Amino acid sequence: MPHWPDLMLQSLGPLLAACLRFTVPLTLIAFALGLSLALVIALARLFGPRPLAALAWTYVWIFRGTPLLVQLFVIFYGLPSVGILIDAFPAAVIGFTLNIGAYASEIVRAAIASIPKGQWEAAYATGMTPAQAMRRTILPQAARVAVPSLSNTFIALVKDTSLAAAITVPEMFQAAQRIVAVTYEPLILYVEAALIYLVLCSALSWLQSGLERRLGRYGGYLEARA
């Protein structure tokens, strides 16, 4: 068996390849779709008719109240029992999208609800319709409020994609598992995978801090220190 530095160097290529081919696309696609779904759900809960708001609340209740891994298993392993067959990667996208949509909808809903009533009245005073007021006045302000929480959700999603290995998606963690099955060196390979996740999340956290400073509405300690 090669010494552990050699083993980590040899396995770095396959792990990074799996990260670029599956982990990164899965994260980006699921987050983009989940955020779009979250906006729809948030608007339905805030402004929709009572039956639609109740349906949106039920969706959030279910997907926030059950484990993500169970949701993935239901979609990939459970649905075939009723004749619905979904490949591993699309199943992961669906599972992560529905989960992110539920969590992010609460962030978006709270951000929209935090905008003062006077902003609506000011928009109406300029002749805007409710839809125009939402698009031009409310959502831009709500986006700034939601950025920190949504950024945290995105970073958490990067790590959660490792759960896709349980439904046979060949992302980075499953690539590590396959190498472990050949080398019998679980500690070295899993630590290496963890370090790659750590580097990714650290880079995203740094970008998040810069974005928060750029979008800061009132200044404060962080901007003064910068």
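Restricted to Cα atoms, the chain shows a radius of gyration and a Dmax of 21.1, 74 angstrom. Counting Lys and Arg as +1 and Asp and Glu as -1, what is the net charge of the other residues whose Cβ lies under 11 Å from the Cβ of residue 113? Counting the neighbours of residue 113, the net charge comes to +2.
Counting only protein heavy atoms, what percent of the accessible surface of the stretch 1-115 is carbon or sulfur at a 1.4 Å probe? Roughly 74 percent, rounded to a whole number. Given R₀ = 30 Å, what would the calculated FRET efficiency be for residue 55 paired with residue 143, taking r from the Cβ atoms and rounding to 0.05? After rounding, the FRET efficiency stands at 0.75.
If you place +1 on the Cβ of every Lys and Arg and -1 on the Cβ of every Asp and Glu, how big does the dipole about the Cα centre of the chain come out, in debye to the nearest 20?
About 960 debye.
Using C-alpha pairs under 8 Å with a sequence gap of at least 6, the mean separation divided by the residue count of the chain gives a relative contact order of 28 percent. Only one residue of 201, 41, 172 has its Cα farthest out toward the positive end of the dipole of the chain, where Lys and Arg carry +1 and Asp and Glu -1 on Cβ, and that residue is 41.
For the stretch 159-173, 3J(HN,Hα) computed residue by residue from phi via the Karplus equation (6.51, -1.76, 1.60; θ = phi - 60°) reads 6, 5, 4, 4, 5, 5, 4, 5, 10, 6, 6, x, 7, 4, 5 Hz, glycine and proline entered as x.
Once both labels are positioned 7 Å from their Cα atoms along Cα-to-Cβ, the gap between residue 113 and residue 207 label points is 3.0 nm. The residues 145, 169, sorted by heavy-atom accessible surface at 1.4 Å with ligands and nucleic acids left out, run 145, 169 from largest to smallest. Averaged per residue, the chain has 56 square angstrom of accessible surface, using a 1.4 angstrom probe with ligands and nucleic acids left out.
The values are calculated or read from the model by the stated rules, or taken from the named source; none is laboratory data. What you see is a predicted model, and the numbers here were worked out from it, not measured in a lab. Neighbour counts run over all protein chains shown; Cβ positions are idealised from the backbone, glycine included. Areas reflect the complete protein model, heavy atoms only, side chains present, ligands, DNA and RNA absent. Shrake-Rupley method; radii C 1.70, N 1.55, O 1.52, S 1.80 Å.
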